[in-house]
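The values are calculated or read from the model by the stated rules, or taken from the named source; none is laboratory data. Everything quoted here is computed from the prediction, not taken from an experiment. Because the Cβ atoms are built from the backbone with ideal geometry, glycine has one as well, and the counts that use them run over all protein chains shown.
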């Protein structure tokens, strides 16, 4: 799917006459699509565990409304608003997780109910109107940039430095991993291929950091995104918690009989989804600089689509955080590219739907061929 | 057309290739009209593939060779065409729909209907006649999910009869049945023979084959080895095994001198109530002791409560209400969850590896370490190197055939899957290992290897509880055997004193 993403990017780069990869647009792309990326991370965990969450769009709107009330009406400091909002997100997740994990009501039904409930509550809180504007520092989360400590004139030097630092860290991790693989006598990719991969990825990192550097530098949101992606990839790949989520999705009965507390794990991944949905709610509210009753509409579908495009299985047990991110980027690049081309929402929806179907069909075809 | 009398089915020089493997290599199978023909061979010998070729699952053109049915060449494109001629196959995994009734299942795809409107009266009347024929005393509108596997098997056969079957193919029909149910089924097949229905039966249970088959064809590695005439050729089980594995297995069970030491586990007055019916005791005041190094067998008919007892002991995995005492190493212990059970050194190898045992869409590695992730992790971060090394070691020790530890378990053969399940629990380093039907549905060679592993585990001083529906297996493996009936322990027999008759007597004893 990574290759598909690159192809789609190249395609839009060509038909938009190079607008797609312009510094301003790349920055926009990240800011506009951060919501799908964050939601997809939480969603892929839920899908791997064999469930679904339809309520996230409504939760995004609900948290937006809550934060608006806290911030605009009650004049609470932004940091306090954030903490309370995330805590409420966790409670919403716990509420839904309780019904799914302990009462054993299918997640589809629980979160369908949640979708209606939280949309309704949003409208109640906002009395059907938008609340705006947010204080300046609240807006920064979604539109601020890390200040350049080196005060470069046309080029953001901090960004370049961070890019280089990441490159070094990346090469170090790759080499370390390879050393380990050799130590345990595992199959390793051939030397030239390994070097080639490192060079390509190192170049990509630096090209993108250069692009960011020529605009305003690193958006705060990008830092949050990268931290989340790295943390969740690590949890799912390298920790017992991640293993347990895969085991539950693959065969819940076998997992229980292996001593895994299936209900507890299920409960926590819903709590996690609640927190990430709340974070998304804050970011969306900050970006729009308003809380609206319609915020977050269809976000759940974008997030779910991203997971499936990224290779997750609708039956549970299969999927990766990285895959979901690539899936979300595919959606994001298409949204962005088609907007630049001036295609209406009608065509955008149609094309996105077809891409989802084709991506999964391609996956299924590949799997059948492999057997 | 004159020779039509002799053979109902001839399969000549059938070759079927899958990418990279020749599943069938010039296989010949000739089945006489009105006989019961057994098809034997180890897992992967090509039995099921051959039957799929015959029934049209693999359509004409995807294999080479000829199929003659009643002397006429057949080129089936799908199952419908073979069924139209009266060739009906009953698969090992039953294809019934649990939430439909017996009558609906029997006539599924073949409804008694006019212009798409089902004639229920006719459906029910015909179902009753069919059920009478197979000796099943159930109402036609009973849901499939409410009857036992043995009865479901009979429904499948009734379904076959409804299609006016001429050649009935049964793939491992008794693997999920207990002794009595198996007996019933076998006599039913003999009855069909009287009525002129020809049967092909695929089975790992050689004693059953010997009992009912007229001819036996042995397949090995996709080739026909021989066709034997049971009456003429004076066949013994050893003779069949030799044909199947290509060498003499002098003993079905490895030699073993037990090293039995002190008592490790005592179960006292263990009683479990049925969660669906709180009045019924599924296990009733059972008392069991197990010593270190000892293999304790548990014999019983299906529904005797063996699995329920094992699972309720293993962290209340079965049932809600239970009482009794578990004493390990002379100390009473309390087990409230599977985690407790594992912590106290219990391991339970389930009888249902696909549904309760393995995650088939995951790798060997991830399956094998799942029950003991702590061993390969540090502060819940998994050390992948350590994991791979320890899994690789187990894989070699248990001789699991796979390309590497990353392979998906779903792609392994049944015997190797069973070994993965076993090694998953060996990896938890248990003191007490409960094995529930550890060799169900796997071939003779793999069975022998699993027996050897069980012996090794016992010799390490572990206490082993072996639940099995195959009496020869219990007689060959267990040092001491408990019999169960209707939730009660009805007898305790030492290896030296045990034989099939004694066990059967206790297994059916009331009270």
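Do you know which residues across region B:328-339 are surrounded by 15 or more Cβ atoms within 10 Å (Cβ to Cβ) and more than 9 Å from chain A (Cβ to nearest Cβ)?
If the condition is that a residue be surrounded by 15 or more Cβ atoms within 10 Å (Cβ to Cβ) and more than 9 Å from chain A (Cβ to nearest Cβ), then B:328, B:333, B:335 are the ones that fit.
Tally up the residues in region A:123-142 that are crowded, with 17+ Cβ neighbours inside 10 Å and either closer than 25 Å to residue A:225 by Cβ or outside the structural domain of residue A:35 (by TED's automatic domain parsing) (or both), please.
5
Only residues that are at pLDDT 90 or above and under 18 Å from residue B:302 (Cα atoms): list them for region B:487-501, please.
B:487, B:488, B:489, B:490, B:491
Filter region A:233-265 for residues that are within 21 Å of residue A:89 (Cβ to Cβ) and surrounded by 23 or more Cβ atoms within 10 Å (Cβ to Cβ) and give the result.
The initial filter retains those residues of region A:233-265 that are within 21 Å of residue A:89 (Cβ to Cβ), namely A:235-236, A:241, A:245, A:263-265.
Within region A:233-265, A:245 is the sole residue that qualifies.
Select from region A:333-346 the residues that are assigned to a helix (DSSP H, G or I) and exposed (fewer than 12 other Cβ atoms within 10 Å of the Cβ) and write down the one among them that is modelled with the highest pLDDT. Walk me through how you get there before you give the answer.
If we filter region A:333-346 for residues that are assigned to a helix (DSSP H, G or I), which is where we start, we get A:333-340, A:345-346.
Narrowing further to those that are exposed (fewer than 12 other Cβ atoms within 10 Å of the Cβ): A:345-346.
Details: A:345: 86, A:346: 90.
Restricting to residues being assigned to a helix (DSSP H, G or I) and exposed (fewer than 12 other Cβ atoms within 10 Å of the Cβ), the top hit is A:346.
Picking from B:450, B:464, which residue would you name as being more than 14 Å from chain A (Cβ to nearest Cβ), in a strand (DSSP E or B) and more than 23 Å from residue A:238 (Cβ to Cβ)? Give the derivation first.
On the way: B:450 fails: in a strand (DSSP E or B).
Of the residues listed, the single one that is more than 14 Å from chain A (Cβ to nearest Cβ), in a strand (DSSP E or B) and more than 23 Å from residue A:238 (Cβ to Cβ) is B:464.
Output the residue which, of all residues in region A:294-310 that are part of a loop (DSSP other than H, G, I, E, B) and surrounded by fewer than 22 Cβ atoms within 10 Å (Cβ to Cβ), is nearest to the other protein chains (Cβ to nearest Cβ).
Of region A:294-310, the ones part of a loop (DSSP other than H, G, I, E, B) are A:294-298, A:310.
Adding the requirement that they be surrounded by fewer than 22 Cβ atoms within 10 Å (Cβ to Cβ) leaves A:294, A:297-298.
Working: A:294: 39, A:297: 34, A:298: 30 Å.
Filtering first and then ranking leaves A:298.
Looking only at region A:240-265, count how many residues are more than 9 Å from chain B (Cβ to nearest Cβ) and more than 23 Å from residue B:378 (Cα to Cα).
2
If residue A:180 meets every condition in (1) surrounded by 12 or more Cβ atoms within 10 Å (Cβ to Cβ); (2) closer than 30 Å to residue A:282 by Cα apart from one, which number is that one?
It is condition (2) that residue A:180 fails.
Could you tell me whether residue B:119 is in contact with a strand residue (DSSP E or B) (Cβ under 7 Å, 6 or more places away or on another chain), without any contact (Cβ under 8 Å) to a residue 40 or more places away in the chain and assigned by TED's automatic domain parsing to the domain that holds residue B:157? Quick ask: steps written out before the conclusion?
On the way: in contact with a strand residue (DSSP E or B) (Cβ under 7 Å, 6 or more places away or on another chain): yes; without any contact (Cβ under 8 Å) to a residue 40 or more places away in the chain: yes; assigned by TED's automatic domain parsing to the domain that holds residue B:157: yes.
Here the answer is yes, as residue B:119 does meet what is asked.
Residue check, residue B:404 against (1) part of a loop (DSSP other than H, G, I, E, B); (2) within 12 Å of chain A (Cβ to nearest Cβ); (3) within 20 Å of the chain's Cα centre (by Cα), all met but one. Which one?
So the condition that residue B:404 fails would be (3).
Is it the case that residue A:352 is modelled with pLDDT under 90 and more than 21 Å from the chain's Cα centre (by Cα)? Steps first, please.
On the way: modelled with pLDDT under 90: yes; more than 21 Å from the chain's Cα centre (by Cα): no.
Against the criterion (modelled with pLDDT under 90 and more than 21 Å from the chain's Cα centre (by Cα)), residue A:352 does not qualify.
So if I check each of B:491, B:445, B:410, B:415, which one is in a helix (DSSP H, G or I) and more than 17 Å from residue B:253 (Cα to Cα)? Walk me through it before giving the result.
Numbers: B:491 fails: in a helix (DSSP H, G or I); B:445 fails: more than 17 Å from residue B:253 (Cα to Cα); B:415 fails: more than 17 Å from residue B:253 (Cα to Cα).
Among B:491, B:445, B:410, B:415, only B:410 is in a helix (DSSP H, G or I) and more than 17 Å from residue B:253 (Cα to Cα).
Any chance you could count how many residues in region B:350-375 are farther than 15 Å from residue A:245 by Cα, more than 9 Å from chain A (Cβ to nearest Cβ) and either surrounded by fewer than 24 Cβ atoms within 10 Å (Cβ to Cβ) or without any contact (Cβ under 8 Å) to a residue 24 or more places away in the chain (or both)?
So the answer is 3.
Quick test for you: out of B:73, B:8, pick the one residue that is free of Cβ contacts under 8 Å to residues at least 24 places away in the same chain and in a strand (DSSP E or B). Explain how you work it out, then say what you get.
On the way: B:8 fails: free of Cβ contacts under 8 Å to residues at least 24 places away in the same chain.
Result: B:73 is the single residue among B:73, B:8 that is free of Cβ contacts under 8 Å to residues at least 24 places away in the same chain and in a strand (DSSP E or B).
Evaluate region A:259-268: report whether one residue or more is in a helix (DSSP H, G or I), within 19 Å of the chain's Cα centre (by Cα) and at pLDDT 95 or above.
So in region A:259-268, the residues in a helix (DSSP H, G or I) come out as A:262-268.
Subsequent filtering for residues that are within 19 Å of the chain's Cα centre (by Cα) retains A:268.
Now drop any that are not at pLDDT 95 or above, which leaves A:268.
Yes, region A:259-268 has at least one match.
Anything in region B:14-57 that is modelled with pLDDT under 90, part of a loop (DSSP other than H, G, I, E, B) and buried (at least 17 other Cβ atoms within 10 Å of the Cβ)? List them, or say none.
B:41, B:42, B:43, B:44, B:45, B:46, B:56, B:57, listed by residue number.
Only one residue in A:231, A:227 is free of Cβ contacts under 8 Å to residues at least 12 places away in the same chain and within 14 Å of chain B (Cβ to nearest Cβ). Which one?
Among A:231, A:227, only A:231 is free of Cβ contacts under 8 Å to residues at least 12 places away in the same chain and within 14 Å of chain B (Cβ to nearest Cβ).
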